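Following: one structure in structure tokens, then a few remarks.
The values are calculated or read from the model by the stated rules, or taken from the named source; none is laboratory data. In this text the structure is predicted, and so the values were computed from the model without any measurement. Reconstructed Cβ throughout: ideal geometry from the backbone, glycine too, with neighbour counts over all protein chains shown.
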Amino acid sequence: MFLILGALRRLNVPMTTLREGNWRGHAPPPLGRDPEGKTLGILGLGGIGQNLKRKAEAFSMRIIYHSRSKLSEHVAGNAEYVTFEDLLARSDVISINIPLNADTRHLISTREFQQMKDGVVLVNTARGAILDEGALVKALDSGKVASVGLDVYEDEPNIHPGLKANPHAILLPHMGTWSVETQAAMEEKTIANVRRALETGSLRDIVPEQACL
Ligand SMILES: NC(=O)C1=CN([C@@H]2O[C@H](COP(=O)(O)OP(=O)(O)OC[C@H]3O[C@@H](n4cnc5c(N)ncnc54)[C@H](O)[C@@H]3O)[C@@H](O)[C@H]2O)C=CC1
Ligand SMILES: O=CC(=O)O
């Protein structure tokens, strides 16, 4: 949600110029856009996608989603299930929340960027290689993508120089779980799982190594 709001408001430019001692920069900073009424396309309405949906609804965003299958109304609520192509074509903001695997590597590349709205905002907190970073840099430089918020990269910790050079990219060093609460929850879950393994011999929620890219 932070990256969605920051990218919509194009906050990277004023945050940078302010620190350089240059109040609002040499020219007025680019005008941002508000979330209200914008269509948020969530790619992957799983655990994180559903959590994001609830938060985005509080900002009066209209939610569409594409997942492996249409989810029950109990889970999806008012969010509309659409095809992958419709999600690309109809979203003002796209959030990537699917796992990386052989099917999703470079799922979004040149052809997919062409199908998006002009000035789309893109956020990826899932895995870097779902996006073709070379194609993303071209889409950003051309203005097709107005701004991007990234927590993950194709070749971490290396970041494509075109992303670092682009003023409309908000970049974080893969820190989605880096909060006191989430770290505590992860520790508790790990301890419970070790106990479970000692008592029953089986583990829960362990992702096969090759799927955990
Ligand atoms: N930046 C960070 O620190 C973190 C990143 N992640 C990433 O976020 C991803 C999502 O996490 P969760 O929501 O917990 O996973 P999840 O497994 O609960 O949800 C993933 C959803 O994506 C859907 N999906 C899978 N392949 C798809 C495809 N090809 N097209 C459309 N939908 C597809 C699944 O049906 C599922 O609903 C994780 O795989 C992980 O890579 C997760 C935690 C922290
Ligand atoms: O990227 C982090 C994760 O927990 O997955």
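Odds and ends about this structure:
- Condition check for A146: touching a strand residue (DSSP E or B) at 6+ places or on another chain (Cβ under 7 Å), surrounded by 11 or more Cβ atoms within 10 Å (Cβ to Cβ), farther than 13 Å from N124 by Cβ and not aromatic (F, W, Y): yes
- Filter result for L136 (in the same structural domain as L88 (by TED's automatic domain parsing), within 14 Å of ligand 1 (Cβ to nearest atom) and not charged (D, E, K, R)): no
- Test: residue in segment 72-84 that is assigned by TED's automatic domain parsing to the domain that holds G143, under 17 Å from K144 (Cα atoms) and of a type outside the set (D, E): no
- Enumeration of residues in segment 55-84 that are within 12 Å of ligand 1 (Cβ to nearest atom) and out of contact with any strand residue (DSSP E or B) (no Cβ under 8 Å at 6 or more places or on another chain): R68, S69, V75
- Among residues of segment 177-197 that are assigned by TED's automatic domain parsing to the domain that holds A126, none has a Cβ under 6 angstrom from a residue that is within 16 Å of ligand 2 (Cβ to nearest atom) and outside any helix (DSSP H, G or I) at a sequence gap of 6+ or on a separate chain.
- Picking from residues in segment 172-213 that are part of a loop (DSSP other than H, G, I, E, B) and at pLDDT 95 or above, the one that is nearest to ligand 1 (Cβ to nearest atom) is G176.
- Enumeration of residues in segment 106-132 that are at negative phi, away from ligand 2 (no atom under 16 Å from the Cβ) and not polar (S, T, N, Q): L107, I108, R111, E112, F113, M116, K117, D118, V120, V121, L122, D132
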